[in-house]
Each structure stands twice: as C-alpha cells, then as structure tokens.
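One structure is given below, encoded as structure tokens.
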Amino acid sequence: MICIVCKNSNTEVFAHFDDKKYWKCRTCKAIYLDKRNYLNSKEEYAHYLTHNNDIEDERYKLFLSKLMNPLIKELKENSTGLDYGCGPGPALAKMLEEKGHKIYIYDPFFFPIHENLSKKYDFICCTETIEHFHDPYKEFHNFNELIINKGVIGLMTNFYTDDNLFEDWYYRKDPTHVVFYCEETFYSLAKIFKWNCEINEKNIVIFKKI
C-alpha cells in the first residue's frame with residue numbers, strides 16, 4: 001500500500017474499527033481509511049448537508065478565527081487568497097474580505113468553480129477540509145502549484161496525538177473523515193514540497209513556500 005499523503009511505501013495495517021480498515025504510514029505517520037470503506041459521493045454530500053455552518057454565526061466565526069488570526073499575521077495588505085473547501089457557507093472568506101483581502105472560493109460540492117483553480121494566489125486557507133481528502137498528496141501538490149513563491153498556506157484540522165485514543169476519537173467517527181494527521185505528517189509534507197512549516201497553535205498549520 002502506497003501512502004496517500006506522502007507516497008511512501010513504508011505502510012502497514014493500523015487497525016480495524018467499526019468494520020473499517022485503517023492504514024498507517026511509518027514515514028509521515030498519517031493514518032488513513034481503506035478506500036473500500038469510503039462513502040460514495042451522494043452519501044458524502046448528504047452528510048455535509050447536516051452541517052450547520054452559518055456564515056453569520058458568531059460562534060462559528062470565533063472557531064474560524066483560530067486559523068484566521070495567525071494567518072493574517074503572515075499576509076501583506078490586500079493579498080489575494082483562495083478559501084479551498086469553504087463548504088456551503090464561506091464564512092472565512094467573508095471574514096478575510098472584511099480584513100481587506102480579495103478572496104476566491106472553491107468547494108467540490110458547493111462551489112465547484114474550476115476556473116479558480118487556474119489562478120495564482122498569495123495564500124490559501126483550508127479549514128476542516130484536509131481530513132476529507134481522498135488523494136491528499138495530489139491536493140497538496142495542487143496547493144503548491146496554486147501558491148506564489150513566498151506564499152502562505154493555512155490549514156486547520158484536528159491532529160491525532162495518541163494511537164491508543166484513536167478508536168474512540170470523535171473525529172474518526174465522522175464517516176466523511178478519511179485521513180488523519182499528526183505534527184510529524186505536516187513536517188513530512190513540508191520536506192516534500194520544500195515549504196517552511198510552523199505549528200504554534202493547536203490544530204493549526206502555517207506553511208510558507210520557499
């Protein structure tokens with residue numbers, strides 16, 4: 001089995017939980033679901049419709065500010081960015097626009113605006129999305145192509161911290177979550193794509209393209 005995150009072949013079966021098979025990469029330490037256990041696209045879309053991500057919800061905006069605040073510290077005024085995987089309510093895009101930045105959006109289910117994947121950006125933000133990636137390596141490679149030199153990629157996802165807690169972890173039990181990252185995974189990605197990697201906040205990663 002080739003790792004879907006780093007493309008290394010140094011992988012092993014990690015565990016079976018709830019009739020699902022999980023793999024783990026010994027190199028980047030990512031844990032990922034066997035593809036035979038993925039939802040189909042209709043099932044995945046139906047699950048996303050159950051999310052309540054109201055663009056005007058103050059609690060939701062406070063949650064998104066966990067990424068926005070460290071991200072904007074890295075940006076020049078009037079930067080141009082892409083909110084990738086924005087969902088049905090692109091609240092972070094609106095918040096960044098209110099800070100003076102120009103934001104494009106893309107979501108494969110709700111805003112499949114493919115022309116926005118042919119531009120170049122000063123930054124990309126991606127909140128609670130990378131855990132849904134069926135082909136993470138390809139997605140991160142695309143990020144590398146979309147970002148300008150010295151550009152910034154801001155990510156937010158729940159890191160797993162302990163193999164022994166994985167079975168009962170609520171994040172694993174979301175049926176649309178198929179890949180799980182720890183700090184070492186992100187440092188491995190940074191090495192692959194020649195990015196600087198900063199992890200100074202819980203569940204937040206800031207990559208900088210060298």
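Any read-out appearing in this document is the output of simple, stated calculations on the displayed coordinates, not a laboratory observation. Not measured: the values here are computed from a predicted model. We place every Cβ from the backbone using ideal geometry, glycine too, and count neighbours over all the protein chains shown.
Among the GluC sites (Glu not before Pro) in segment 24-123, which ones are in a DSSP loop with at most 13 other Cβ atoms within 10 Å of the Cβ? Mind listing them?
Numbers: sites: Glu43, Glu44, Glu56, Glu58, Glu74, Glu77, Glu97, Glu98, Glu115; in loops: Glu56, Glu74, Glu77.
Here the sparse-neighbourhood loop sites are Glu56, Glu77.
Coordinate range of the alpha-carbon atoms in segment 100-169 per principal axis, descending: 42, 28, 26 Å. Amide H contacts of Phe17 (H built 1.01 Å from N, in plane; Pro and chain starts excluded): Tyr22 sit under 5 Å, all sequence-distant by 5 or more or on other chains.
Loop-resident chymotrypsin sites (Phe, Trp or Tyr not before Pro) (DSSP state other than H, G, I, E or B) in segment 19-73 with no more than 15 further Cβ atoms inside 10 Å of their Cβ: Tyr38. Over segment 7-130, all Cα pairs binned in 5 Å intervals from 0 give whole-percent P(r) values of 2, 9, 16, 17, 15, 14, 14, 9, 3, 1, listed from short to long. Out of Phe166, Phe180, Phe123, any idea which swings most in a Gaussian network model of the chain, alpha carbons joined below 10 Å? Sorting by GNM fluctuation, first place goes to Phe166. With helices as the sole contributors, the chain gives -8000 deg cm²/dmol at 222 nm; each DSSP H run of n ≥ 4 counts as -39500 (n - 2.57), and the sum is divided by every residue.
Counting Lys +1, Arg +1, Asp -1, Glu -1, what net charge surrounds Tyr160 among other residues with beta carbon under 14 Å of its beta carbon?
Numbers: positive: Lys24, Lys29, Arg172, Lys173, Lys202; negative: Glu131, Asp162, Asp163, Glu167, Asp168, Asp174, Glu183, Glu184.
Once all neighbours under 14 Å are counted, the net charge is -3.
So, counting K/R as plus one and D/E as minus one, what does the shell of residues with Cβ under 14 Å around Lys173 add up to? It would help to have the intermediate numbers written out before the result.
On the way: positive: Lys20, Arg172; negative: Asp18, Asp19, Glu131, Glu167, Asp168, Asp174.
Combined, the nearby Lys, Arg, Asp and Glu give -4.
Taking every Cα-Cα distance in the chain and sorting them into 10 Å bins from zero, the calculated P(r) comes out as 8, 35, 38, 17, 2 percent.
Overall size of segment 90-210 from C-alpha positions, given as principal axis extents largest first: 42, 32, 27 Å.
For the chain, with the dipole built from +1 on Lys and Arg beta-carbon atoms and -1 on Asp and Glu ones, taken about the Cα centre, which of Cys3, Phe193, Gly81 lies farthest toward the positive end? Of the candidates, Phe193 comes out farthest on the positive side. In this label model, Asp54 and Asn203 are separated by 2.0 nm, measuring between points 7 Å along each Cα→Cβ vector.
Look at the dipole of the chain built from charges on Cβ: of Leu96, Asn164, Asn144, the Cα furthest out on the positive end belongs to Asn144. Here r is the Cβ-Cβ distance between His16 and Lys99 and R0 is 41 Å; the resulting FRET efficiency, rounded to 0.05, is 0.35. What is the dipole size for segment 11-209, taken about its Cα centre, with +1 at each Lys and Arg Cβ and -1 at each Asp and Glu Cβ, in debye to the nearest 20? It works out to roughly 740 debye.
To check you understand DSSP bridge types, tell me what percent of the beta bridges within the chain (both residues inside) are antiparallel, rounded to 5.
The antiparallel proportion sits near 60 percent.
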